[in-house]
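Note sheet for the following structure.
Every number here is computed from the coordinates shown, using simple stated rules; none is lab data. Please read these numbers as outputs of a predicted model, since none were measured by experiment. Virtual Cβ from ideal backbone geometry, glycine too; neighbours counted across all protein chains shown.
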Amino acid sequence: MKAVLTICLSPTFQKTLHFDSFKEGEVNRASFVSETVAGKGINVSRTVQALGRPSMNLCQIGGCRLGEFLSYLKREDIDIGYIEVESEIRTCTTLIDRQRGVITELVENAREVDKSASERFFKLFLEKIDAYEAVVISGTKAKGFSSSLYPEIVREAKRRGKLVIIDIKGDELMNCLEEGPDIIKPNLSEFASTFLSDTVIYEGIEDVSIYDKVEAICADIFRKYKARTVLTRGKYDTWVYDGKSLETIPAIKNDETIINTVGCGDTLTGAMIHSLLNGDDLKTSVRFGMECALKRATGHAICR
């Protein structure tokens, strides 16, 4: 079976605290607490493996909790390759207010890595790449990594004939476009901040006013770089440019309670890749990704 290699240069411990109710400025006691490991690429690998497809995540980890991080991965049978760094692994925290249905993310930036990290990571990538048919780059990389690292990874993956999907934003996305990735998958807010500097789109608000502008940019990206575009919009419709026009994949109707949306975009990415490697077209694959993301948000298991 075709396997997927994911890149995550900002791994994290992910702590989630559930509250029956939450009041700002007061002492709040969580009714339930859980912890695992995450990072966008790790979440993608988690989804791919849940669907029965082999995957490995490449990242950097170090510090006093390195062994604990690896033990979490072992419990889930998530395959990992890593370079060791001196910097500690960050912790991101999710607060879930069940009474109001409000989910709040507290995100730490990844710790800076040493100057040798880029060379060591690229060497690791070259050691692993030939065993995989698809490469996914997800998320912002830690400070200290070279600005040329992501483009070099895309260039080498494309040279070897791999399917390349990138879920990044800003200058990192722009630099990688020159190397010809197959699909770019930012959310609409990230896309707007990258290509429409005078426009602010908030992730939790539906805004279709820039649809025509977005379509024109996607068409230009495809004309210049042959990259197709998938734009997620949270609980709203997803926009897909598959080489001809910007099309809408309707949001899936849902009557169940949303429990936790953190990582749902990564779930969509992983499920989409799985479907693409099965031979499905992009729109069908995005639809499948949306279905799996909704399962995650409502607390259902994702499995083949």
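Summary table
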{"read-out": "Kirkwood hydrodynamic radius over Cα pairs of the chain, then Stokes diffusion coefficient at 37 °C and 0.692 mPa s, in µm²/s", "value": "166"}
{"read-out": "Shape of the stretch 199-250, Cα gyration tensor, a/c cut at 1.5", "value": "prolate"}
{"read-out": "Highest-fluctuation residue, Phe22, Phe145, Phe222 considered, GNM on the chain with Cα pairs under 10 Å", "value": "Phe22"}
{"read-out": "Candidates Lys40, Lys169, Lys226: whichever shows maximal mean-square fluctuation once the chain is modelled as a Gaussian network with Cα springs under 10 Å", "value": "Lys226"}
{"read-out": "Residue list for the stretch 224-240, given a label point 7 angstrom along the Cα-to-Cβ vector of Glu105 and an amide N cut-off under 17 Å", "value": "231-236"}
{"read-out": "Which of Met272, Met290 has the fewest Cβ neighbours within 10 Å, and the rest in rising order", "value": "Met290, Met272"}
{"read-out": "Amide H partners (placed H, <5 Å) of Gly39, local residues excluded", "value": "Thr12"}
{"read-out": "Cα-based shape type of the stretch 131-221, given that a ≥ b ≥ c are square roots of the gyration tensor eigenvalues and the cut on a/c is 1.5", "value": "prolate"}
{"read-out": "Listed pairs Lys123/Lys244; Lys74/Lys143; Lys115/Lys235; Lys115/Lys283; Lys15/Lys143; Lys40/Lys115 exceeding 30 Å between Cα atoms", "value": "Lys123/Lys244; Lys115/Lys235; Lys115/Lys283"}
{"read-out": "Zone residues, the stretch 1-37, relative to Arg65, backbone N less than 16 Å from point 7 Å out along Cα-to-Cβ", "value": "10-17, 33-37"}
{"read-out": "Global form of the stretch 93-248, assessed from the alpha-carbon gyration tensor, a/c cut-off 1.5", "value": "oblate"}
